[in-house]
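**Student:** Okay, handing you the structure first.
The values are calculated or read from the model by the stated rules, or taken from the named source; none is laboratory data. A quick note: this is a predicted structure, and the numbers were derived from the prediction, not measured. Here the Cβ is made from the backbone with ideal geometry for all residues, glycine too, and neighbour counts use every protein chain on show.
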């Protein structure tokens, strides 16, 4: 038998090394970098640009958190700016009808449909956003009825203090509202705008920049945090804030999941969703919005824009207007068979309780 030449061993050694390496990847390496296929893929849609506060600081981080806590059995795709189609005003129905699995929107984009949360949009009700958000979740448990029965509510929340952003000299008194066309997000806030003497124009927030630039509106009410994303500080010159511990107004938001999709998940994955739902989730969203208020305000100041503060006797005049809006809303609720006075009293009590 001929001895094996040294050179003939090289292919054998290479083959042996390759086999050992393959064995390591399959047996040992698989523990280091497992490949996991998602069992459930969920699509989330909202109407804001991807870099806006809520998508960047809440919705996408929430999605990644749920993915991690599900051991990557859930995958959530986040689609900003209505990329899956439709209009912002139709987002709630997209969720309830199963067109999307998850969505974030304003109940007020469907006027009169969600009366329970309107109590929190009334003038001079809100103290601070996280406390008011916790109170809102408790309030809907008391007075929500079937308002949100069509969906699995992840969280309800509000934004920080609302204010008026206007062209030119802006709003320095109630008289300055006369003749102005002012964008409002919901029917309750539009009622305040009208009572103050202006013409309310109901528009979803993504349309605000175009409406300002084309002269469709003279002013808009929004919180500071979204002004940068919409370039409102470039399209207006005066920003009117309100002194005191109660905001002029706030808007309510709902983050929800399609009920059938939620029920299709196994119990342990439903629990992951439940663990990331409720008052504290709403407080998280609202806190992210509040955190963005001051930097956005500073951008307006750095541009040389004017900040006006309504206080003293002028604030008292605005409060009287706000009280008239509340009185009208209570009467409207009573006519619809709901105890409007009780709703306002409970809203105030819950907000005060959470604000301590």
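**Student:** Can you pull out the residues in the stretch 113-129 that are under 18 Å from residue 353 (Cα atoms) and surrounded by fewer than 24 Cβ atoms within 10 Å (Cβ to Cβ)?
**Tutor:** 124, 125, 127, 128
**Student:** Continuing with the same structure: Show me the strands (runs of 3 or more DSSP E) entirely contained within the stretch 160-233 in which 2 or more residues are free of Cβ contacts under 8 Å to residues at least 40 places away in the same chain and surrounded by 24 or more Cβ atoms within 10 Å (Cβ to Cβ).
**Tutor:** Passing ranges, in order: 181-184.
**Student:** Moving to a separate point now. How about the stretch 93-104: which of its residues are buried (at least 20 other Cβ atoms within 10 Å of the Cβ) and in a loop (DSSP other than H, G, I, E, B)?
**Tutor:** 100, 101
**Student:** A further question follows. Taking the conditions exactly as written (under 29 Å from residue 217 (Cα atoms) and in contact (Cβ under 8 Å) with a residue 60 or more places away in the chain), does residue 157 satisfy them or not?
**Tutor:** Here the answer is yes, as residue 157 does meet what is asked.
**Student:** Now for a different question. Taking the stretch 68-92, which residues are assigned to a helix (DSSP H, G or I) and exposed (fewer than 15 other Cβ atoms within 10 Å of the Cβ)?
**Tutor:** The one that is assigned to a helix (DSSP H, G or I) and exposed (fewer than 15 other Cβ atoms within 10 Å of the Cβ): 68.
**Student:** Specify which of the listed residues (134, 113) is in contact with a helix residue (DSSP H, G or I) (Cβ under 9 Å, 6 or more places away or on another chain), under 19 Å from residue 250 (Cβ atoms) and part of a helix (DSSP H, G or I).
**Tutor:** Step by step, each of 134, 113 is checked, and only 134 is in contact with a helix residue (DSSP H, G or I) (Cβ under 9 Å, 6 or more places away or on another chain), under 19 Å from residue 250 (Cβ atoms) and part of a helix (DSSP H, G or I).
**Student:** Oh, and also: Against the conditions (1) under 18 Å from residue 53 (Cβ atoms); (2) surrounded by fewer than 18 Cβ atoms within 10 Å (Cβ to Cβ), where does residue 264 fall short? Just the number, please.
**Tutor:** Looking at each condition in turn, residue 264 falls short on (1).
**Student:** Quick one: is residue 327 in a helix (DSSP H, G or I), within 28 Å of residue 171 (Cα to Cα) and assigned by TED's automatic domain parsing to the domain that holds residue 240?
**Tutor:** yes
**Student:** Regarding residue 256, is this residue crowded, with 20+ Cβ neighbours inside 10 Å, within 25 Å of the chain's Cα centre (by Cα) and touching a residue at least 40 places away in the same chain (Cβ under 8 Å)?
**Tutor:** Judged against the criteria, residue 256 is a match.
**Student:** Next up: Looking at 338, 317, which is the one that is out of contact with any strand residue (DSSP E or B) (no Cβ under 6 Å at 6 or more places or on another chain) and farther than 30 Å from residue 235 by Cβ?
**Tutor:** After applying the criteria, what remains is 338.
**Student:** Here's a follow-up. Would you say residue 145 is assigned to a loop (DSSP other than H, G, I, E, B), more than 25 Å from residue 55 (Cα to Cα) and not assigned by TED's automatic domain parsing to the domain that holds residue 236?
**Tutor:** yes
**Student:** Okay, moving on. Determine which member of the set 322, 304, 282 is outside any helix (DSSP H, G or I) and either in contact (Cβ under 8 Å) with a residue 60 or more places away in the chain or in the same structural domain as residue 212 (by TED's automatic domain parsing) (or both).
**Tutor:** Just one listed residue meets the conditions, 304.
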